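In what follows, a structure is listed as structure tokens, so that the remarks can point back to it.
Just so you know, all these numbers are worked out from the coordinates, no wet-lab data involved. Source: prediction; values computed, not measured. Counting neighbours? That spans all protein chains shown, and the Cβs are built from the backbone with ideal geometry, glycine included.
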Amino acid sequence: MSNGKIEIFDTTLRDGEQVPGCKLNTTQKLKIADKLDSLGVDVIEAGFPVSSPGDFKSVKEISRLVKNASVCALTRAVKKDIEVAAEALKHARRPRIHTGIGTSDSHIKYKFNSTREEIIVRAREAVSYAKNFVDDVEFYAEDAGRTDNEYLARVCTAAVEAGATVLNIPDTTGYCLPEEYGKKIKYLKDHVKDIEKVTISCHCHNDLGLATANAIAGIMNGARQIECTINGIGERAGNTALEEVVMILRQHPTLNLHTNIQPKLLYALSNLVSREMGMFVQPNKAIVGANAFAHSSGIHQDGVIKNRETYEIIDPADVGVTESAIVLTARSGRAALAYKAKKMGYELTKLQLDIVYAEFLSYADHRKEVADTDLHEIMSISFKNRAIA
Ligand code: KIV
Ligand code: ZN
């Protein structure tokens, strides 16, 4: 693995599927897993097998199906969870067990009624137990975002000594600032024994809208895996969005970081996940939202019609969106009106455009948007009233 390669660990089918109302059946999970594999993700977290017979079945079927990516199953630091996960992953070409435990003082005290030292013992035991079943064991320190760095380094050292191949540093509650999360990763790089033998992973939640920024800060400080979901779905405010990470790295080549993802497949997969989960994508969602490549104000439309790059940093075709959209509203100008009219077969002279524009504005002022069908009507009114043909 070159040092600039960022592994994409997709958890749409696990953390993403935890969203209330988004539960998927095995057939739906298989459909999405197949597309994730074609997209080029490195790891598919397929589920939490001990949680239900349905999830066990999904992980098992996904393990049989997936050809390229590693298939990962989540467990708590509990022997039974690990055994069930190993059984579900039996047919995977590249199985990974993802085990771990809460490490913040709040988790240690309230979830486990335990002590810091006891948690280290449990972390070590979980990783070494999982190693009996698979070579690839990822350890997560839940709530690492709020865990004291010196203690976190001790937990991580124990996990590495026990054989962990990946160290996941989740900002479970989405609390960290990017600089703080980046420093945490750097601290672990500097203080965890044998850290160079393992991959550090960023798993960031979006409670303060910083999930993607934090993951990027993580990789800029030495992490080499990002855990993310399609459309950024996940517990509460969601997880780092896969499409955002991929496009940030592509649009900023000076970072010298890259992924294996085929970006042209992003939009179709975003639609598939949204449809199957019944989870609508907010229109202003970066990269895949309905408005991500739509322009409605006259100033922007004029620029985009002259040259797309004036207001777009990504070519929509690069992420599988057919083209930029010019949306006619009362804020649109003559350039956009002429452009849309031409696309619909109306070549207007300057005088004709002035007349149609006046009609258009009085129409648009009473509507949120002027659709193509409305524009046909505006044309026919203008032509009839003013005999401009
Ligand atoms: O957010 C989190 O801490 C998690 C872990 C279970 C990896 O999802
Ligand atoms: Zn999570």
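Mind telling me which of Ala237, Ala335, Ala292 comes out most flexible in a GNM of the chain, alpha-carbon contacts under 10 Å?
Ala335
Using Cα positions and a limit of under 27 Å, work out the lysines in reach of Lys183, with same-chain residues fewer than 8 apart set aside.
Hits, sequence-local ones excluded: Lys5, Lys109, Lys111, Lys193, Lys197.
How do Ile97, Ile313 rank when sorted from fewest to most other Cβ atoms within 10 Å of their own Cβ?
On the way: Ile97 27, Ile313 7.
Least to most surrounded, the residues fall as Ile313, Ile97.
From the phi of every residue in the stretch 90-97, what ³J(HN,Hα) in whole Hz does the Karplus formula 6.51 cos²θ - 1.76 cosθ + 1.60 yield, where θ is phi - 60° and glycine or proline is x?
3, 9, 6, 5, 10, x, 9, 9
Kindly give Rg over Rh for the stretch 232-278, based on alpha-carbon atoms, with the Kirkwood expression for the hydrodynamic radius. The partial results should precede the final answer.
Details: Rg = 12.4 Å, Rh = 11.9 Å.
Taking Rg over the Kirkwood Rh, I get 1.04.
Quick one: 3J(HN,Hα) in Hz for the stretch 319-333, Karplus 6.51/-1.76/1.60 with θ = phi - 60°, rounded, Gly and Pro as x.
Taking θ as phi minus 60°, the curve returns 10, x, 8, 4, 7, 5, 10, 9, 9, 7, 9, 5, 8, 6, x Hz for the stretch 319-333.
Non-local amide H neighbours of His295 (under 5 Å, H modeled in plane, Pro and chain starts lacking H): which ones?
Residues meeting the criterion, in which the H sits 1.01 Å from N, are Ala325, Ile326, Val327.
Test of understanding: in a Gaussian network model of the chain with alpha carbons linked when under 10 Å, which of Gly320, Gly21, Gly54 would top the mean-square fluctuation ranking?
Result for the chain, Cα springs under 10 Å: Gly21 fluctuates most.
Listed here are the pairs Lys67/Lys131; Lys131/Lys189; Lys29/Lys79; Lys29/Lys57; which of them are more than 19 Å apart at the Cα? Let's see the in-between values first.
Working: Lys67/Lys131 23 Å; Lys131/Lys189 23 Å; Lys29/Lys79 26 Å; Lys29/Lys57 10 Å.
Too far apart for the 19 Å limit: Lys67/Lys131; Lys131/Lys189; Lys29/Lys79.
Once amide H atoms are built 1.01 Å from N in the peptide plane, which residues 5 or more positions from His205, or in another chain, come under 5 Å H to H?
Asp171, Gly174
Can you sort Ile261, Ile305, Ile216 from fewest to most other Cβ atoms within 10 Å of each residue's own Cβ?
On the way: Ile261 23, Ile305 18, Ile216 27.
Least crowded to most crowded, the residues run Ile305, Ile261, Ile216.
Tell me, what HN-Hα J-couplings in whole Hz come from the Karplus equation 6.51 cos²θ - 1.76 cosθ + 1.60 at θ = phi - 60° for each residue of the stretch 266-278, using x for Gly and Pro?
Going residue by residue, I get 5, 5, 4, 6, 4, 5, 4, 5, 4, 5, 5, 8, x Hz, with x marking Gly and Pro.
If one computes P(r) from the Cα atoms of the stretch 117-252, what percent of pairs lie at distances over 26 Å? Before the final figure, lay out the partial values.
Numbers: 1873 of 9180 pairs.
Pairs farther apart than 26 Å: 20 percent.
Nearest 500 deg cm²/dmol is fine: what mean residue ellipticity at 222 nm does the chain get from its DSSP H runs of n ≥ 4 alone, each adding -39,500 (n - 2.57), divided by its residue count? Don't skip to the end; give the middle numbers.
Details: 13 runs with 160 residues, N = 389.
Rounded to the nearest 500, it is -13000 deg cm²/dmol.
Using a 10 Å cut-off around each Cβ, can you sort Phe280, Phe139 from fewest to most neighbouring Cβ atoms? Before the final figure, lay out the partial values.
Numbers: Phe280 11, Phe139 30.
Ranked by crowding around the Cβ, least crowded first: Phe280, Phe139.
When the chain is modelled as a GNM with alpha-carbon springs shorter than 10 Å, which of Gly145, Gly303, Gly232 fluctuates the most?
In this elastic network of the chain, the residue with the biggest mean-square fluctuation among Gly145, Gly303, Gly232 is Gly303.
Skipping prolines and chain starts, which residues have an amide H placed within reach, meaning under 5 Å, of the one on Phe48, given they are 5 or more residues away or on another chain?
Leu74
Averaging the inverse of every distinct alpha carbon separation and then flipping it gives the Kirkwood radius. What is it for the chain, in angstrom units?
Working: mean 1/r = 0.0438 Å⁻¹.
With all distinct Cα pairs of the chain included, I get 22.8 Å.
Based on Cα coordinates alone, diagonalise the gyration tensor for the stretch 208-249, multiply each eigenvalue by 5, take square roots, and list the semi-axes in whole Å, largest first. If you can, show how the numbers build up before the last one.
Details: eigenvalues 55, 24, 14 Å².
Working from the Cα gyration tensor, I get semi-axes of 17, 11, 8 Å.
What percent antiparallel are the DSSP beta bridges of the chain, to the nearest 5? Before the final figure, lay out the partial values.
Numbers: 2 of 39 bridges.
Restricted to the chain, the bridges split so that about 5 percent are antiparallel.
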